[in-house]
Amino acid sequence: MKGAIVALAGGVGAARFLEGLAGVVDPASLFVIVNTGDDALIHGLHISPDLDTVTYTLAGLAHRERGWGLEGDSFRCLQALERLGGETWFQLGDRDLATHLYRTARLSEGASLSQVTRAIAAALGVRAAVVPMSDDPVRTRLRTPRGELEFQDYFVRRRQRDRVLGVRFAGTARARPAPGVLEAIAKASAVVVCPSNPFISIGPILAVKGIREALRRTRAPVAAVSPIVGGRALKGPAASMMKSMGMRASAPGVAALYRDFVDIFVLDRADGVLAPQVERLGMRAIVTATVMRNRRGKIALARAVLEALLP
């Protein structure tokens, strides 16, 4: 896809930003590379939480308050499973289950995750290209005082209460970027790192062999939107993870993780005084409202980022 706006995405914050982006540009011009380090096998089904969150959001189907799952979904299957004594810590809605059943069946038939994701997006009317970071399995593992935890155990089952001492991505030695990923970055008109957790949402994407190098080499301008505002993460455990791993939970702290390939870093107005710290890292700092409370806020942030990337 020549001249696409390429986005690196993972989680609800990224999906909301992409919704704003799709309201500013033709969605068909977007190429979204999505984290699959969160993927898990639950009840025998292949679950791809970030792929589904991005796809449902761009389709206008995501739950408006939670950001994940489908608006108006029911949980009767889960309730029946609970009566049988099954585990129900991972919330799967009834209509959401259809996505996981379809994905699992197609994968068992030999289709790639990219092919299945493309089919799901097309069926839901999504015009943007939504692509997994890799068709090969990569799984996020978190080192904690309890030992190493699988991502969903840490994030959902244990509700992020464990102190994170380190992160690793199992499978990256063999994983290759999904078809089209490196080409899209090379030919991009602009690249955006969405406001996502830098360790567990963007980190797995960057760990896939060749992607970080492609971001360093691309001639397109690269921007990143800070997921930290006023020292706190708007969604998820990014700030607490930074602190537990000995880093300062701040927008410049996130910027430092991307300094080798990001040209423009977007901070919230609450952190405007920190802009000089970002610029000392060799990036141009843009200060704007990054908290997306409604559709207007999502579109305003997307416009501000695009104006910085494509003046």
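What angle, in degrees between 0 and 90 and rounded to the nearest 10, separates the Cα long axis of helix 49-58 from the longest principal axis of the Cα atoms of the chain? Between helix and principal axis, roughly 70 degrees. The loop-placed GluC sites (Glu not before Pro) in the range 88-176, going by DSSP, that have at most 16 neighbouring Cβ atoms within 10 Å of their Cβ come out as 109. The trypsin sites (Lys or Arg not before Pro) of the range 263-311 meeting both criteria, a DSSP state outside H, G, I, E and B (loop) and at most 14 other C-beta atoms within 10 angstrom of the site's C-beta, are 280, 293. When the Cα positions of 282, 171, 210 are compared along the charge dipole of the chain, 282 comes out farthest toward the positive end, with charges on each C-beta of Lys, Arg, Asp and Glu. Structure remark: mean-square fluctuation, Gaussian network model of the chain, C-alpha springs under 10 Å; the largest value among 174, 146, 248 belongs to 146. Judged by the mean number of other Cβ atoms found within 10 Å, the most tightly packed of the peptides 76-82, 160-166 leads the ranking 160-166, 76-82.
Comparing 108, 134, 250 in a Gaussian network model of the chain, where Cα atoms under 10 Å apart are tied by springs, the biggest mean-square fluctuation is seen for 108. For the chain, averaging the sequence separation of C-alpha pairs within contact (under 8 Å, six or more residues apart) and dividing by the residue count gives a relative contact order of 20 percent. Between the residues 130, 97, 45, the greatest Cα displacement towards the positive end of the dipole of the chain, with unit charges on the Cβ of Lys, Arg, Asp and Glu, is found for 130. Rounded, prolate or oblate: which fits the range 96-137, taking a ≥ b ≥ c as square roots of the Cα gyration tensor eigenvalues, rounded meaning a/c under 1.5, else prolate when a/b beats b/c? Taking the square roots of the gyration eigenvalues as a ≥ b ≥ c, the range 96-137 is oblate. Extents of the chain, taken as max minus min of Cα coordinates on every principal axis and listed largest first, are 58, 44, 40 Å.
Each reported figure results from applying straightforward, stated rules to the coordinates on display, with no laboratory input. In this text the structure is predicted, and so the values were computed from the model without any measurement. We place every Cβ from the backbone using ideal geometry, glycine too, and count neighbours over all the protein chains shown.
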